[in-house]
Structure formats: structure tokens, C-alpha cells
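Before any comments, here is the structure.
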Amino acid sequence: MDLLIRNATLPDGARGIDIAIANGRIAAVGPALPAQAAQEIDAGGDLVTPPFVDAHFHMDATLSHGLPRVNRSGTLLEGIALWGELKPMLTQEALVERALHYCDWAIAHGLLAIRTHVDVCDDRLLAVEALLQVKKQVAPWLNLQLVAFPQDGLLRNPNAFANLKRAIGMGVDVVGGIPHFERTMTEGAESVRLLCEFAAEQGLRVDMHCDETDDPLSRHIETLAYHTQRLGLHGRVAGSHLTSMHSMDNYYVSKLLPLMHEAGVAAIANPLINITLQGRHDSYPKRRGMTRVPELLAAGIDVAFGHDCVMDPWYSLGSGDMLEVAHMGLHVAQMTGQDAMHACFTAVTETPARILGLESYGLKPGCHADMVILDAGNPIEAIRLRAARRYVIRRGRIVSRSPAAQATLDVPGRPGTVDFRHRPAG
Ligand SMILES: [Zn+2]
């Protein structure tokens, strides 16, 4: 064996588990394995999880915060205007540099697979070229999946569809869209039809920015589910954001959810961004704007949480920490029940892995030896503490280490070290 992890706690609660790794794969999982290895890590009862996965990101814009200026108002509209100012100034070198910098953060946070949208409305396709290069460069450490995203509208921008097809031809993996941004509801529906047919023809997955609005009558998700089942794209299509569902009529949603389930359409909510950008035209009461996560889950629909933005024209915060994303999602959706909190952890690990179609993901024998040892005893504590990633392992090799979170206390009569973990006696 190359590496042996002793005394792990798994996300399902199994304790005292050893994980044996050979040739970049998991060889065995079980209590007290009689194995020997070149290197051994004592997890000491800490949580060992498959890596975090981000189902929705914009790596072409990340870490551009402050270029050419900051978003003073913090609104979506100023963000879009800013991105428009920045686009003509982008260079391939700078795009690659920022993306690689973000990938460093991601790896250190145990985030080892990212689906990123890439804007194809710039005729030069600079960002596409840059991110294809980054994808190749980071492949040993991180799976990057690219979505051809027509930011200015597939039909609204005259070159968008041609550019999108060029991007796919260059090696971009997934077909994107933005139906609610087309000129009319009809054109939005038409864009969904065209994109789904193109994806079916090419044998590709689909992930659209869909209904990212507070307008309850923005119902492109219905059209997306319809074409998914018509074209037999089950399990290969995701609707990102779906914020209009927050504001929809309950009766209509009760018809919509079974249609999504029938089509095998997944939902990707982006809690940090949805809670800050939606409901901006409201006075009080103010809508939260995030899609109906518990109801989607109850209907048997896959729901993942995405990060969407980190330090870009739309969002000045973030660090590539999917536990921060899960933490926000849990609060916004009021998912404080025990099972619901576990579901929030699954929404940044297993579910997005399934949506991306990652192969050999998980902690079973035969899976890639990709995993994270967290400074936490279980998934709920991991979310509570945004726990340190003690070890990040990719293909059986340690690629990042962080110290456990501790403080040195100087208060008479109290212990000198503060440990933020909750370790019940016995
Ligand atoms: Zn997005």
C-alpha cells in the first residue's frame, strides 16, 4: 500500500474506519485493516470525506475584484456594467493567472472538482482559450468542467450561438444558456429548445442559468424539463439558480416538481449569491430568492449548492470554501433538522459529483483516492466550523495540509488551549 489512513469517521457516521490506498485508488475500506503502507496518517476519529465539488462557478471573472474598479453599490446591475467595462481589457495571461490562483485556493480547501461557466459572447473567445489551458494544467489536481455560457443571450446576441458552437468544438464540455435574459418569454423558450437539441445531437450535458429572477412567471424550468424528457436527456441536464421558483404560486410548483423529477433534471442553487442579489426590488417583507431546496429534495430531485462567484464584479467575498456555501444554504433554506443538515453537506459533495458525471468518485474500494480529512467529527460539525482541511489527498498523494483550528488562551483558571470542536465525554 502507498498510504493508509487510520481511525477515520465517514460521512455516514461509520467510526474507526481505515482506508488503504494503492496506485491512486482506494484498495480497501474497513475497521482495523491488516495492511501496511509506506505512509500512514492517524485521522484520530476525524471526518474523512470525498472531496468537495462546486457545480456552479465563473472562473473567467474570479479574482478580478477591483478591476477596473469595485462594485460600489453591490447590486447585480452595477456588476453587469462592471463586467462589460472589464471584458475588453481582459488578456489571456491575466485570465490564466487569476484562474490558477483560484485553483490553489480550491485545492487547499479540498475542492477538487469545479464546473465553471465561461462567457462565449466575446467573439475572440479569449476566456475559452484561457480556461481550456487552465483545465489541462490543473488536471492532475483538480477536475475542471467548462460550460459554454452565452451571457448576453443566445438569441439576443447575434453571434452567441455560433460562438457557443465554436467553443464546444474547441473542447468545452457542457452546453449553457440564459433563457430569462432573452428578449421575450417566447425567445427564452426557443433558446432552451435550440440548446437542448444541440446538446442531444452532440451527446453533451446541459446546464443553464435558468429563471435567475424574482418574477414568478419566469417558467423556463418547465420548458427545460419538457425538452429534457422529449429528447431523452435524463440525468444530463441541470437548471442553475431557479430563483423564480421561490416566488411561484404553490399550486403551479406542485405540478412542476413531478415534471422535473420525471425528466431527471437537477437543480443547482447558489445560496451566497441568491441571498444577496435576489429580492432587491422588494421593500419589506423581503424575499430570500433562493429556490425551494427542501421541496425539491422531497420530490426526489438532485439539488447541489454552487459558489457561483468569488471576488468578482458581482460579489466581493468568498474564498472557494464549499463549507461556507453549505453553511449559507442551510440557513437560507432553514434546513436545521438533522437529516436536512446532512443533505446540505451532500449538496457540496456527492450530489454535484453526480451532476458533473464524475467517474470513480467516493470512498468505496476502486474509487479514485481523492479525499479530505477535516478538523471535525461529522458533517454537521464540518459545516458549523467551516472546518480546517487537515489533509487534502488527490490520487493517493497529499496535496495540501492545514493546521487544526486552535487558539492559545491566557485567562487565569482556564485551559491554555481552546479547541472549537465539540467532543462529548465518552
Ligand atoms: Zn452563474
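The values are calculated or read from the model by the stated rules, or taken from the named source; none is laboratory data. From a predicted model like this one, the values you see are computed outputs, not experimental measurements. Note: ideal-geometry Cβ built from the backbone for every residue, glycine included; neighbour counts use all protein chains shown. Heavy atoms of the whole protein, side chains included, go into the accessibility calculation; ligands, DNA and RNA do not. Shrake-Rupley method; radii C 1.70, N 1.55, O 1.52, S 1.80 Å.
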From D54, D18, residue being within 16 Å of the ligand (Cβ to nearest atom), open to solvent by less than 30 Å² (accessible area, probe 1.4 Å), charged (D, E, K, R) and assigned to a strand (DSSP E or B) | D54
The stretch 341-426: strands (runs of 3 or more DSSP E) wholly inside it with 2 or more residues that are of a type in the set (S, T, N, Q) are 406-408
If the Cβ limit is 7 Å and pairs must be 6+ apart or interchain, which residue in the stretch 1-27 that is under 11 Å from L363 (Cβ atoms) pairs with which residue that is of a type in the set (S, T, Y)?
-> P11/T49
Only one residue in L204, L154 is in contact with a strand residue (DSSP E or B) (Cβ under 6 Å, 6 or more places away or on another chain), more than 22 Å from P271 (Cβ to Cβ) and either at pLDDT 95 or above or open to solvent by 30 Å² or more (accessible area, probe 1.4 Å) (or both), so which one is that?
-> L204
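Hey, could you check the stretch 287-299 for residues that are part of a loop (DSSP other than H, G, I, E, B) and open to solvent by 50 Å² or more (accessible area, probe 1.4 Å) and say which is farthest from D119 (Cα to Cα)? If you could, list the steps in order and put the result at the bottom.
First, pick out the residues of the stretch 287-299 that are part of a loop (DSSP other than H, G, I, E, B): 287-292, 299.
Right, trim to open to solvent by 50 Å² or more (accessible area, probe 1.4 Å) and you get 287-288.
On the way: R287: 29, R288: 27 Å.
The selected residue is R287.
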Top-ranked residue of the stretch 276-286 - restricted to ones that are part of a loop (DSSP other than H, G, I, E, B) and surrounded by 17 or more Cβ atoms within 10 Å (Cβ to Cβ), ranked as farthest from the ligand (Cβ to nearest atom) = G279
Sort out which residues of the stretch 81-101 are within 16 Å of the ligand (Cβ to nearest atom) and either in a loop (DSSP other than H, G, I, E, B) or under 19 Å from P271 (Cα atoms) (or both), and write them in order of number.
-> none
Hey, I373 hits all of (1) within 30 Å of L4 (Cα to Cα); (2) among the β-branched types (V, I, T); (3) touching a Leu at 6+ places or on another chain (Cβ under 8 Å); (4) within 16 Å of the ligand (Cβ to nearest atom) but one; which does it fall short on?
-> (4)
How many of the residues making up the stretch 292-317 are modelled with pLDDT of 95 or more, more than 13 Å from the chain's Cα centre (by Cα) and within 16 Å of the ligand (Cβ to nearest atom)?
-> 2
Per the filter on the stretch 348-394, residues open to solvent by 20 Å² or more (accessible area, probe 1.4 Å), in contact (Cβ under 8 Å) with a residue 24 or more places away in the chain and closer than 30 Å to L233 by Cβ are E350, R354, G357, L358, S360, Y361, L363, K364, G366, H368
Residues being touching a Ser or Thr at 6+ places or on another chain (Cβ under 9 Å) and either surrounded by fewer than 21 Cβ atoms within 10 Å (Cβ to Cβ) or not in a helix (DSSP H, G or I) (or both): count how many of those fall in the stretch 249-261.
-> 0
Exactly one of I268, I273 is in a strand (DSSP E or B), within 12 Å of the ligand (Cβ to nearest atom) and either modelled with pLDDT under 95 or open to solvent by less than 10 Å² (accessible area, probe 1.4 Å) (or both), and that residue is I268
